[in-house]
Amino acid sequence: MGLRWLGCLALAMAFACGDGAQPSARNVLLITIDTLRADALGAYGSARGASPHLDELAKRGVVFEQAHASSPNTLPSHASILTGLQPYHHRVRENGVDKLAEQSVTLAERLRDAGYATGAEVAAIVLNRPTGIAQGFEHFRDLDSPGVQRKQIAVAADGSLHDPSAVDAQQRGDAKTFDLDSRGGAEVTRDGITFLREHRSGPFFLWLHYYDPHWPYAPPTPFESRFADDRYAGEIAFTDESVARVIAEVDQLGLGENTLVVVTGDHGEGLGDHGESRHSLLVYQSTMHVPLVFAGPGVPRGQRVAAPVQTVDIAPTILAWAGLEPDPAADGVSLLPAFEGHTLPDRPVYGESVSLRRFVEVSPLRFVREGRWKLIHKIAPELYDLVDDPAEAHNLAGAEPARAEQLREKLKGLLANRRDAPEAPNGELDPDTQRRLESLGYVVGSSSSNSDPTLDTIEVRGVDPTPLAAKIDPFVDALGATQFVDAQETAALLEKLSRELPKSTGVLEVLINVQLAAGQAEAAVESLRRGIGIDPDQQRYWTNLGELLTRMGRNGEARDTLTETLRRWPCELGSRTHLANVYSRAGARAKQIAVLEQGIEQCSSPALMNDLAYQLATVPAAELRDGKRALQLAESMIGSLGDNPLALDTLAVAQAEAGRRHEARATLAQALAMAERQKLPDEALRILREHAAKVDAGEAIRE
Ligand SMILES: [Zn+2]
């Protein structure tokens, strides 16, 4: 409380303070820069000169030299920043899989309830609204918001990647341009400035998320040429300039004296350290150590704090700065005492990654840090003295077993004292989102990691994750490029990895997707068969294999696979339809009809009834044809299929076959009008017209 009062004194000219009334406007601007290693900034020791403006901001505020993210993944890390909770409490462990539960109380909700206008501009699909991260933001613009432009990447003829602005006129004709599933920093800056102007009367809470330093590193001109040998630094230089424009606007609007600016990263980037080129798999400082800078009213200038802190401290600090009650459940603490030079309470710093579990059965990878010591808890534990060895090159776990054990006990305590938290709902990704995530290099899976009861236990199992990460690293690299790099190359890499990790269905499934995208159907068939070998109860291997074989015209194999699929899952309708088609193609119409009949007996499905009715009405062999039963089926399914012109077509064909030509004509007229209204493809309209002509001419419809 003392500091807040001091802050008030400092601001006494601008605000009515001391009578318990809230100052008229104390704004918060939170800037998270994706994939920002602490040591990429001058303020943290970089000599690259990529961050002049952020370094300037650091000089006029407080720099936390040792800040840690809770996760090397974007969504879990931001969930921690915005809730003050560690992942074992907010339960968001994975991008694209877990959702922040509605019961979670976010910083945006707290500030909104305290009368703040809340706004967010986020730049990556992994932070889109359905992730739950938008809670509390009255204004929230993500990749799917109206009018949002996707960032673009240009692939030059030599395969190099560039921002379109950095492709010179000579190359332009040969370069191919692709949309990325992210927003460029220029747009975030522009929209952020608009929010500032519209809410200048305050108080406001604005969160800006910059994604540019995330791979692919393709800085816009002039940063590409200025940082030709270090494109990652070029992206940071571009982002630095973007942030500078926002902060200049804050000053220009006269808000500099009453706006707290907080800048941090959601995680770093491996850049080859410890065999990791990007981020997400490992928990070394290259990806866990992030910048954390506070500047603005109530924040002393030029202070540097060496004590380890964590990004879960950001929300409690902002709440305390705003004079609001802390969230009693928060794992983080207010850092305001450190602003005044007081020591922070002793507590372990924590971070985790569960991403390797996508590929292989391994325990989550966790670290715990206290003071200078950091333990990475795993089968072969690693202990580092971060003061003497910030690069984590000398594992002291063997030399200092007591210290390692002490930290392990701390970690055990954190996990054991964990409160029961709401289960994070599964995001239930649609295939399109899944593809888009994969195009960004995210490995997405099918099930929430939270369902595993061993997730939050101290016991470790499986194999040591570190060597695995080194194997998986080139794959994570390749996967991120499938959208704009030759898919054959990616497939080859994945195949190699899949041979190295023969039991990993995670690798296999992505391999199958890439093989299909690369048109390697034969190889995909082999991969699907391997998947069935590993896990025969996994329905999607069977259904995909059956469908693929059907499409390839490998009728015998398709028939056997689809028959076995239906023996296991009789109501797998797609497989039943494919099997019926395989028989139809082979001229085995009796078998085709029998497959559909069995489906109707075992499962309630209007779609199958529609199929069967059509076959019974149109099959050329008189002994198989049954117009009466076709009509009965068509009449009973028609209501369930909604306004469906093709269901009406089936009804009409059955009516005609049952001798009710007059009704058939009326039904077809209705079907045609509906099909035109629904803008069905020409082919569908052609079939309806052909049927109508045959009914008019008194001809039978046979297929
Ligand atoms: Zn991120």
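The values are calculated or read from the model by the stated rules, or taken from the named source; none is laboratory data. All values derive from a computational prediction rather than experimental measurement. We place every Cβ from the backbone using ideal geometry, glycine too, and count neighbours over all the protein chains shown. The protein model used for the area step is the full one, side chains on, heavy atoms only, and it has no ligands, DNA or RNA in it. Shrake-Rupley method; radii C 1.70, N 1.55, O 1.52, S 1.80 Å.
Across segment 383-399, computed HN-Hα scalar couplings (Karplus, 6.51 cos²θ - 1.76 cosθ + 1.60, θ = phi - 60°) run 10, 10, 9, 6, 6, 7, 9, x, 7, 6, 9, 10, 6, 9, 4, x, 7 Hz from first to last residue, x flagging Gly and Pro. For the chain, what % of the accessible area comes from carbon and sulfur atoms, probe 1.4 Å? For the chain, the apolar C and S fraction of the accessible surface comes to 51 percent.
Using the Cα gyration tensor of the chain, with a ≥ b ≥ c the square roots of its eigenvalues, what is the shape: rounded (a/c below 1.5), prolate (a/b larger than b/c) or oblate (neither)? Prolate is the answer for the chain, as a/c is 1.5 or above and a/b outweighs b/c. Listed by chain and number, the aspartates and glutamates whose C-alpha is less than 20 Å from the C-alpha of Lys628, apart from same-chain residues fewer than 8 away, are Glu597, Glu601, Asp611, Asp649, Glu657, Glu663, Glu699, Glu703. Estimated at 0.36 nm per residue, the fully extended path between Arg403 and Asn555 surpasses their Cα-Cα distance by 48.3 nm. The charge dipole of the chain, taken about its Cα centre with unit charges on the Cβ of Lys, Arg, Asp and Glu (plus for the first two, minus for the last two), comes to roughly 1060 debye. Here the spin labels are modelled as points 7 Å beyond Cα on the Cα-Cβ line, and at Ala228 and Ala307 they lie 4.8 nm apart. Couplings 3J(HN,Hα) of segment 490-497, computed from phi: 4, 4, 4, 4, 5, 4, 4, 5 Hz, in residue order, whole Hz [Karplus 6.51 cos²θ - 1.76 cosθ + 1.60, θ = phi - 60°; x for Gly and Pro].
Restricting the calculation to alpha carbons of segment 169-222 gives Rg and Dmax of 15.8, 50 angstrom. Of the residues Gln103, Val246, Val354, the one whose Cα sits farthest toward the positive end of the charge dipole of the chain, with +1 on the Cβ of Lys and Arg and -1 on the Cβ of Asp and Glu, is Gln103. Comparing Leu562, Leu255, Thr74 along the charge dipole axis of the chain, the residue lying farthest to the positive side is Leu562, per the Cβ-charge model. Does anyone have the angle between helix 555-568 and the longest principal axis of the chain? Alpha-carbon axes, 0 to 90°, nearest 10? On a 0 to 90 degree scale, this one is about 70. Among the protein heavy atoms, those of Cys571 account for about 70 Å² of accessible surface (1.4 Å probe, every chain in place). Here the simple spin-label model places points 7 Å from the Cα toward Cβ, and for Trp569 and Lys628 these points are separated by 3.8 nm. Once backbone amide H atoms are built at 1.01 Å from N, Gly184 has Lys151 as its partners under 5 Å, excluding neighbours fewer than 5 places away on the same chain. Glu56 label point, 7 Å along Cα→Cβ, cut-off 16 Å on backbone N: hits in segment 262-306? Those under the cut-off are 295-296, 302. Alpha carbon centre of segment 587-638 versus segment 232-302: separation in Å? Each part reduced to its Cα centre gives a spacing of 64 Å. Converting phi to 3J(HN,Hα) with the Karplus coefficients 6.51, -1.76 and 1.60 and the offset θ = phi - 60°, segment 36-43 yields 9, 5, 4, 6, 7, 9, x, 4 Hz in sequence order, with x at every glycine or proline. Measuring with a 1.4 angstrom probe and ignoring ligands and nucleic acids, Asp327 comes out at about 40 Å² accessible. A cut-off of 5 Å between modelled amide H atoms, ignoring neighbours fewer than 5 places along the same chain, links Phe140 with Ala120. Taking each residue as 0.36 nm, the span from Ala156 to Glu370 lengthens on full extension beyond its C-alpha to C-alpha distance by 72.3 nm.
Rounded to the nearest 0.05, the FRET efficiency derived from the C-beta distance between Arg540 and Glu257 at R0 = 60 Å is 0.55. Between the residues Ile376, Gln488, Gly84, the greatest Cα displacement towards the positive end of the dipole of the chain, with unit charges on the Cβ of Lys, Arg, Asp and Glu, is found for Gln488. Summing charges over neighbours of Ala120, with a neighbour being any other residue whose Cβ is under 11 Å away from its Cβ, gives -2 when K and R count +1 and D and E count -1.
State which entries of Lys99/Lys471; Lys471/Lys503; Lys374/Lys412 exceed 18 angstrom in Cα-Cα distance in the structure shown. Too far apart for the 18 Å limit: Lys99/Lys471. Remark: the chain carries 40 Å² of accessible area per residue (probe radius 1.4 Å; ligands, DNA and RNA excluded). Shape analysis of segment 492-598 places it in the prolate category; the axes a ≥ b ≥ c from the Cα gyration tensor give an a/c of at least 1.5, with a/b above b/c. Every helix of 4 or more DSSP H residues in the chain counts as -39500 (n - 2.57), and over all residues that averages to -13000 deg cm²/dmol at 222 nm.
Let me know the shape class of segment 552-703, please: from the alpha-carbon gyration tensor, a ≥ b ≥ c as square roots of the eigenvalues, rounded when a/c is under 1.5, otherwise prolate if a/b is greater than b/c, or oblate.
Cα axes put segment 552-703 in the prolate bin.
Straight-distance candidates among the lysines for linking to Lys176, with alpha-carbon spacing under 28 Å and chain neighbours fewer than 8 residues away dropped: Lys151. Under 5 Å between amide hydrogens, built in the peptide plane, is the criterion, and for Phe227 it picks out nothing among residues at least 5 positions away or on other chains. Distance between the modelled labels on Asp452 and Val148, one decimal in nanometres: 3.0 nm (7 Å Cα→Cβ projection). Calculated FRET efficiency, Ala588 to Asp486, Cβ-Cβ distance, R0 = 45 Å: about 0.65 to the nearest 0.05.
Could you work out how much longer the chain between Ile532 and Asp385 gets when fully extended? Use 0.36 nm per residue separation minus the Cα distance between them, nm to one decimal.
That pair, Ile532 and Asp385, stretches by 48.3 nm at full extension.
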